[in-house]
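One structure below.
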Amino acid sequence: MEERAFYRETQATKPQTLNCPFCKTQDTYDLRWVVRTKLDRVPGGADERDRARFAKFLSYMVLLDDKAMCKNMRCRKRFDISGVKTTAFL
Ligand SMILES: [Zn+2]
């Protein structure tokens, strides 16, 4: 059984404070995440091994964005998002 049978996937945006490396302006950016929420019960067709894996499975989210565009009108450069954990358990 594949891991994706264990969760329901939704998208969410969360505000994150980032510093543009070009102009050093700090601002808040809405970053997009994929949220994988563990199902309430073991999916149908799970065998014993799947049940054990399901029991250990934790809901988590994965950062979708890897770049942001600077909000400073005089800069507007795209920069890599760094210093943000790209996976987080819920
Ligand atoms: Zn900038």
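Say we look at the stretch 1-13 and pick out the residues that are over 30 Å from M69 (Cβ atoms) and surrounded by 12 or more Cβ atoms within 10 Å (Cβ to Cβ); which of these is farthest from the chain's Cα centre (by Cα)? Taking the candidates together, the pick is M1.
Within the stretch 44-66, does at least one residue satisfy the condition of being at pLDDT below 95 and more than 20 Å from the chain's Cα centre (by Cα)? Yes, that holds for at least one residue.
Filter the stretch 35-74 for residues that are part of a loop (DSSP other than H, G, I, E, B), within 16 Å of the ligand (Cβ to nearest atom) and without any contact (Cβ under 8 Å) to a residue 12 or more places away in the chain and give the result. Across the stretch 35-74, the qualifying residue is only M73.
Of the residues making up the stretch 59-90, those that are closer than 29 Å to K38 by Cα and of a type in the set (S, T, N, Q) are S59, S82, T86, T87. Checked against the criterion of being within 16 Å of the ligand (Cβ to nearest atom), more than 15 Å from K77 (Cα to Cα) and touching a residue at least 60 places away in the same chain (Cβ under 8 Å), the stretch 17-34 has no qualifying residue. Considering only residues in the stretch 14-34 that are open to solvent by less than 70 Å² (accessible area, probe 1.4 Å) and assigned to a strand (DSSP E or B), the one that is nearest to S82 (Cα to Cα) turns out to be L18.
For the stretch 75-86, how many residues are touching a Phe, Trp or Tyr at 6+ places or on another chain (Cβ under 9 Å) and either closer than 13 Å to D27 by Cα or not in a loop (DSSP other than H, G, I, E, B) (or both)?
Narrowing the stretch 75-86 to residues touching a Phe, Trp or Tyr at 6+ places or on another chain (Cβ under 9 Å): 75, 77, 79, 81.
From what is left, the residues that are either closer than 13 Å to D27 by Cα or not in a loop (DSSP other than H, G, I, E, B) (or both) are 75, 79, 81.
Qualifying residue count, the stretch 75-86: 3.
Could you check how many residues of the stretch 46-63 are aliphatic (A, V, I, L, M), open to solvent by 80 Å² or more (accessible area, probe 1.4 Å) and farther than 16 Å from F89 by Cβ? Before you say what the answer is, go through the steps one by one.
Filtering the stretch 46-63 for residues aliphatic (A, V, I, L, M) gives 46, 52, 55, 58, 61-63.
Adding the requirement that they be open to solvent by 80 Å² or more (accessible area, probe 1.4 Å) leaves 58.
Filter again for farther than 16 Å from F89 by Cβ, leaving none.
Result for the stretch 46-63: 0.
Note on the stretch 1-13: among residues that are part of a strand (DSSP E or B) and of a type outside the set (K, R), the one that is farthest from the ligand (Cβ to nearest atom) is Y7.
The values are calculated or read from the model by the stated rules, or taken from the named source; none is laboratory data. The shown structure was predicted, so the numbers you read here are calculated from the model rather than taken from an experiment. Cβ atoms come from the backbone with ideal geometry, glycine included; neighbour counts cover every protein chain shown. Note: accessible area is taken over every heavy atom of the protein model, side chains too, but ligands, DNA and RNA are not part of it. Shrake-Rupley method; radii C 1.70, N 1.55, O 1.52, S 1.80 Å.
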